[in-house]
Every structure is written in structure tokens, then in C-alpha cells.
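Any read-out appearing in this document is the output of simple, stated calculations on the displayed coordinates, not a laboratory observation. Keep in mind that what you see is a predicted model, and the values were worked out from it rather than measured. Every residue, glycine among them, receives a Cβ derived from its backbone with ideal geometry; neighbour counts consider all protein chains shown.
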Amino acid sequence: MGREAWNDFRLYVITAESNHPGKSVVDVIEQTLIGGAQIVQLRNKTGSRDEVLEQAKALRELTRKYKVPFIINDYPDIVLETDADGVHLGQEDMPIAEARRLLGPYRMIGISTHNLQQALAAERDGADYIGVGPVFPTDTKPGRAAVTTSYVTEAARHVTIPFVAIGGITLGNVDLVLAAGANRICSVSAIVGSHDPAAMCRSFLRRLEAGAEES
Ligand code: 3NM
């Protein structure tokens, strides 16, 4: 699959184990895939490398079964070891050029951005997609100021690579994010913390489709 084929995603799901005590990451992610999640990222900021590797292997197998791209937050080495589709970086992580050198031309590199300057730099440096957020305040990334929907609108106007709006997005505010110019969203706690992640994904997808018809 060429890198550009991965850009079709509109609903991006990220793992957040603390949001579903008593349920395994694999079970919850399988529910999101049943509900239509179109790209999955493993994000484990607290576990050991061994734990991340074990989860990555299981999620690689699962996402293959559902034919959905699989991204790992940090750990380009685990991306290679598990044949994941790409890596997601933060602003403080390794430079995009270094990730590209490690991963080669075909894997996807995404990076979180919090303002237009970072977005344009990511684009220039060869990122495949960027995160735009946190749009709203969120407990999943505490202590980071919300960028508001105005950054979504700026990204929609000026960024040419795919961008995914993230941070505090729920069914209650997703329409504001779409109206601001996003057509890809990522919602973490609202999906993986839901008692029915599959139904939640379906609801988000309906809103994304309705948003696409209006624009
Ligand atoms: N990255 P929720 S916001 C993982 O702005 C992450 O880069 C962000 O979680 C960024 O949907 C965020 O639960 C947390 O608010 C998103």
C-alpha cells in the first residue's frame, strides 16, 4: 500500500489504557475497528518498552485483519520490528528527518503540532500528516493550552498535507470542529473510554459523513 492510500482516513483512534480499566487494549481497539475506525495509533506513555512491544505485536495483527493502518507513538525501532505502518512524533521527539532515515521512504510519519508555524515546518520536513490540537482542553493531555478551532481553520487554509483535529473532541462539539474546516478527527477518551466504542465510532462517522456532504 502506497503512503498516499493511507490518507483516506477520517476517523483516527488512539489507545489510552487508563480510559478503560478492566478491558484490554486489544479488545477495545477491536471494538473501534468493528465500528469503523480507519487508522489506529498505539500510545503508551507509561509502560516499559517490552510492554509497548507486546501491545504493538497484538495490534499489528489485529489491524492487519481489519486492513487498517497501524501507527506507533514514538519507538521507530518497534515500528520496524512489528512492521507497523508508521510512527507518530511529538514536537520534543526526534526530528522528522531522523525518523525518515530510520524508517525509509514508505512508512508514514505523523507529528503533533500546536500552531501554524509548527505545521508548516512539519510539511517542509516531509511529514505525511499532522495532528492539530488540542482543539479543546483535555485530561488526556493535561496542562496543554487549547488551540481552539481557530487553529483548525488556519490549518485548513494553509496546510496541504492531511491534518487530523484532536483534543477534547466529543459528539457534543465535533460539528464545531468540522465547521472550522477539519475533515479528519481523532477522539481518544470519548471513544476508547465509551461503554460502547463501536457505537461511538459509528456515531462519529455519521457526523463526519454529514459534514462532508455540507462542505
Ligand atoms: N495529542 P482526547 S491532544 C494525544 O494536541 C493527544 O497533540 C494532542 O485525547 C495534541 O480525545 C491529545 O481524550 C489527547 O481529548 C486527545
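Of all residues in the range 60-73, which are in a helix (DSSP H, G or I) and out of contact with any Phe, Trp or Tyr (no Cβ under 6 Å at 6 or more places or on another chain)?
Matches in the range 60-73: GLU61, LEU62, ARG64, LYS65.
Which is touching a residue at least 60 places away in the same chain (Cβ under 8 Å) and of a type in the set (Lys, Arg), of ARG124, ARG101, ARG202?
Among ARG124, ARG101, ARG202, only ARG202 is touching a residue at least 60 places away in the same chain (Cβ under 8 Å) and of a type in the set (Lys, Arg).
For the subset of the range 99-115 comprising residues that are within 11 Å of the ligand (Cβ to nearest atom) and of a type in the set (Gly, Ala, Ser), which member is farthest from ARG144 (Cα to Cα)?
GLY110
Scan (1) in contact with a helix residue (DSSP H, G or I) (Cβ under 6 Å, 6 or more places away or on another chain); (2) aromatic (Phe, Trp, Tyr); (3) closer than 18 Å to CYS186 by Cα for the single condition TYR129 breaks and write down its number.
(1)
Restricting the range 80-98 to residues that are buried (at least 19 other Cβ atoms within 10 Å of the Cβ) and within 16 Å of the ligand (Cβ to nearest atom), which is farthest from ARG184 (Cα to Cα)?
ILE96
Checking the conditions here, which among VAL87, VAL52, VAL28, VAL40 is touching a Pro at 6+ places or on another chain (Cβ under 8 Å), within 26 Å of ALA198 (Cα to Cα) and in a helix (DSSP H, G or I)?
Result of the check over VAL87, VAL52, VAL28, VAL40: VAL28.
Does the range 106-123 contain at least one residue that is of a type in the set (Phe, Trp, Tyr) and more than 17 Å from the chain's Cα centre (by Cα)?
yes
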